[in-house]
Amino acid sequence: MSPSIAVIGTGFGGLAAVIELKKQGFDDIVVFEKAADVGGVWRENTYPGAACDVPSPFYSFSFAPNPRWPRRFSRQPAILDYMREVADTFDVRRHVRFDTEVLGADYDDAAGTWSVELSTGETVVVDVLVSAVGQLSRPSYPDIPGRDSFSGPAFHSALWDHDVDLAGKRVAVIGTGASAVQFVPEIQPEVAELTLFQRSAPYIIPRPDRKFSDRHHKVFERVPATQLAERATWYGVVESLSVAWVHAKPLAAAIKAASKAHMKRQTKAKPGLFEKIWPDYPVGCKRILFSNNYLPALARPNVEVTTDAISEITPQGVRTADGVEHEVDVIIWGTGFKATEFLAPMSIKGPGGRELHDEWASGAHAFFGMTVPGFPNLLIMYGPNTNTGGGSIIYFLEAQARHLGDYVRHIASSGAPVAVRRDVEQAHDKRIQAKLGGSVWSQCTSWYRQEDGRITTNWPLLGLDYKNQAKFDPADYEVVSR
Ligand SMILES: Cc1cc2nc3c(=O)[nH]c(=O)nc-3n(C[C@H](O)[C@H](O)[C@H](O)COP(=O)(O)OP(=O)(O)OC[C@H]3O[C@@H](n4cnc5c(N)ncnc54)[C@H](O)[C@@H]3O)c2cc1C
């Protein structure tokens, strides 16, 4: 049997899945992408300064090194170009139906197939369904009274409105996560006033960025080992961050000390600023951010950091709990994504019409983030507990793609639908949650955790552990009778 496969999404996850499937000889692949191009978050996030936080030689596919990265931490246009080039090189586009959103999928018990419901009104039937819709593709807004009452332009950083001219405007930025840290220094010089509403401050460490010159490009091209060495170095650095957050308190303490020195130095120009932006939770609990220009921007005279809670959005601006109304011309939401709502808003119904979201009622869980008991022939890329507190998601996606390829090969040879064994998945989840309980991520509120405290996003061990442990083993799976 040569299974037909549907993949949802063309971010790094969808690309990794399709490329691996093709490599393993499968060609009956259709990819649904709700947007008009490949790219995922790198197509969507066009805010000024958008860039990766993991150096490009490591934040890229191992099988498609790019000797021409413009910088060590490349910006969004270069990353999107890379993804387009990869899609072309590996002949992915031929399989993609753009502008086609998947609304849901139903498993047909008798046929052992998935009926995929599309926004075009069609239903497509396939043997295997692969979700690659990401964790960070749905912008999140805080539940603040009056949120829609503001009379001026307001937009989320992931939906940046480039038609709004910020020059000379009074701008409110709500949120201080990874995106705000990148766009605030870009817009600060042009706006008249910038009021930054901070609920919780990030730890910042220096960003070892650099431009890659023509000379670098030539060396990377002619001696590929040099680029491999750069990749390996950064792999080592981010793995040690993972160790710090979970196992090594002294290492975490050293990172905290380095962060404190950097943050103190960069805020010296404005008395009282350091006290406002020094975090009050253990280092590593939220993603630590690399930046050389965020804090100097906050220290400029046209920037005010407000730590008072926001009580409401008014037609004129933002009111804080102390009763002050901050009048502004534009509001920018830098408030992140609905990371813990995996696969939303799709409705995925397994055998007997069982909803995936019911299986996940007390929190998303899956075997190495990929397969769910009772849901045959369904595989999830960048699923529950496969995010990393410091590493490259692409490294994890490649491991998932390999699992997917072997999984489909198994189905192709046995001819029967398979699902992960419930006892196997439960033992995996118990082990992962126990590790997470002892990690630094359990010590504060963040996008890694859902409201009841369960951590559904992060993987608690090394990337290397994931790569080694997440290999496909038929013994972990059972045949689901039709
Ligand atoms: C601004 C930003 C910076 C980041 N920087 C880093 C970094 O430095 N290092 C790192 O490791 N990670 C980073 N990440 C995390 C990033 O999410 C992952 O690295 C990776 O890009 C995820 O790829 P993905 O394919 O899983 O998801 P996405 O990139 O989110 O792609 C999902 C795709 O699915 C499509 N889609 C969604 N729902 C449907 C549907 N129902 N029907 C059809 N199509 C659908 C979307 O349109 C999208 O194209 C960053 C994220 C953001 C937002």
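A short reminder: the numbers here are calculations on the coordinates, not readings from a lab. Worth saying up front: this structure is predicted, and the values here are computed from it rather than measured. For neighbour counting, all protein chains shown are included, and Cβ atoms are generated from backbone atoms with ideal geometry for every residue, glycine included.
Simple spin-label estimate for ASP143 and GLU327 gives 3.2 nm between the two label positions (7 Å along the Cα-to-Cβ direction from each Cα). Reducing the range 300-334 and the range 395-440 to their Cα centroids gives an inter-centroid distance of 45 Å.
Coupling constants for the range 335-350 follow from the phi torsions by the Karplus curve (6.51 cos²θ - 1.76 cosθ + 1.60, θ = phi - 60°), and in residue order they are 10, x, 9, 7, 5, 8, 8, 4, 6, 5, x, 5, 10, 10, 10, x Hz; glycine and proline get x. When +1 charges are put on Lys and Arg Cβ atoms and -1 charges on Asp and Glu Cβ atoms, the dipole computed for the range 105-256 relative to its Cα centre reaches about 1240 debye. Grab the other residues whose beta carbon is less than 13 angstrom from that of ILE310, score K and R as +1, D and E as -1, and report the net. Result for the local shell: -2.
Dipole orientation for the chain: of the candidates ALA416, VAL191, PHE274, PHE274 has the Cα lying most toward the positive pole (charges on Cβ; Lys, Arg +1; Asp, Glu -1).
Distance between the C-alpha centres of the range 94-122 and the range 254-285: 49 Å, rounded to the whole angstrom. Here LYS34 is the anchor, and the lysines within straight C-alpha reach of less than 24 Å, apart from those fewer than 8 places off in the same chain, are LYS22, LYS338, LYS349.
Between ASN292 and GLU341, what's the calculated FRET efficiency when r is the beta-carbon distance and R0 is 41 Å? Round to 0.05. Before the final figure, lay out the partial values.
On the way: r = 34 Å, r/R0 = 0.82.
After rounding, the FRET efficiency stands at 0.75.
Under 5 Å from the amide H of VAL96 lie the amide H atoms of VAL31, each residue being 5 or more positions distant or on a separate chain, with H modelled from the backbone and absent for Pro and chain starts.
Packing, taken as the mean count of other beta carbons within 10 Å per residue, orders the peptides 141-148, 81-88 from highest to lowest as 81-88, 141-148. Relative contact order of the range 250-402, taken over Cα pairs closer than 8 Å and 6 or more residues apart, is 12 percent.
Tell me which of ALA366, ALA178, ALA254 sits at the most positive position along the dipole axis of the chain, charges placed on C-beta atoms (Lys, Arg +1; Asp, Glu -1). Checking the options against the dipole of the chain, the answer is ALA254. Cross-link partners for LYS270 among the lysines, with Cα-Cα distance under 17 Å and sequence neighbours closer than 8 places in the same chain left out: LYS260.
Across the range 276-327, C-alpha contacts under 8 Å between residues 6 or more apart give a mean separation that, scaled by the residue count, equals a relative contact order of 19 percent. In sequence order, the range 474-482 has phi-based couplings of x, 5, 7, 10, 10, 6, 9, 6, 7 Hz under the Karplus curve 6.51 cos²θ - 1.76 cosθ + 1.60, θ = phi - 60°, and Gly or Pro positions carry x. Taking Cα centre as origin and charging only the Cβ of basic (Lys, Arg, +1) and acidic (Asp, Glu, -1) residues, the dipole magnitude of the chain rounds to 2180 debye.
Principal axis analysis of the Cα atoms in the chain yields extents of 69, 54, 43 Å, listed in decreasing size.
What is the sum of charges around LEU397, taking Lys and Arg as +1, Asp and Glu as -1, for the other residues whose C-beta is under 12 Å from the C-beta of LEU397? That works out to 0. Only Cα pairs under 8 Å and 6+ residues apart enter the sum, and on that basis the relative contact order of the chain stands at 21 percent. Of MET346, HIS403, VAL237, whose Cα points farthest to the positive end of the dipole of the chain (charges on the beta-carbon: +1 Lys, Arg; -1 Asp, Glu; origin at the Cα centre)? Of the candidates, VAL237 comes out farthest on the positive side.
Karplus-based coupling profile of the range 378-387, in residue order and whole Hz: 10, 10, 10, 8, 6, x, x, 6, 10, 7, with θ = phi - 60° in 6.51 cos²θ - 1.76 cosθ + 1.60 and x standing for Gly or Pro.
Put a plus charge on the Cβ of each Lys and Arg, a minus charge on the Cβ of each Asp and Glu, and nothing anywhere else: the dipole of the range 238-348 about its Cα centre is then about 760 debye.
Grab the Cα-Cα distance for ASP429 and ASP214, subtract it from 0.36 nm times how many residues apart they are, and report the gain in nm with one decimal.
Working: separation 215, 0.36 × 215 = 77.40 nm, distance 4.75 nm.
Between ASP429 and ASP214, full extension yields 72.6 nm more.
The label-point distance for ALA261 and LYS467, in a model that sets each label 7 Å from Cα toward Cβ, rounds to 3.1 nm.
Cysteines of the chain lacking any other cysteine Cβ under 4.7 Å from their own Cβ: CYS52. For the peptides 95-108, 419-432, the ranking by mean Cβ contacts within 10 Å, running from highest to lowest, is 95-108, 419-432. Its Cα gyration tensor gives the range 243-345 an equivalent ellipsoid. The semi-axes, each the square root of 5 times an eigenvalue, are 29, 22, 12 Å from largest down.
Other residues within the sphere of radius under 11 Å centred on the Cβ of PHE337, judged by their own Cβ, net out at 0 (K and R +1, D and E -1). Convex hull of alpha carbon positions in the range 21-151: directionally averaged projected area 11.9 nm².
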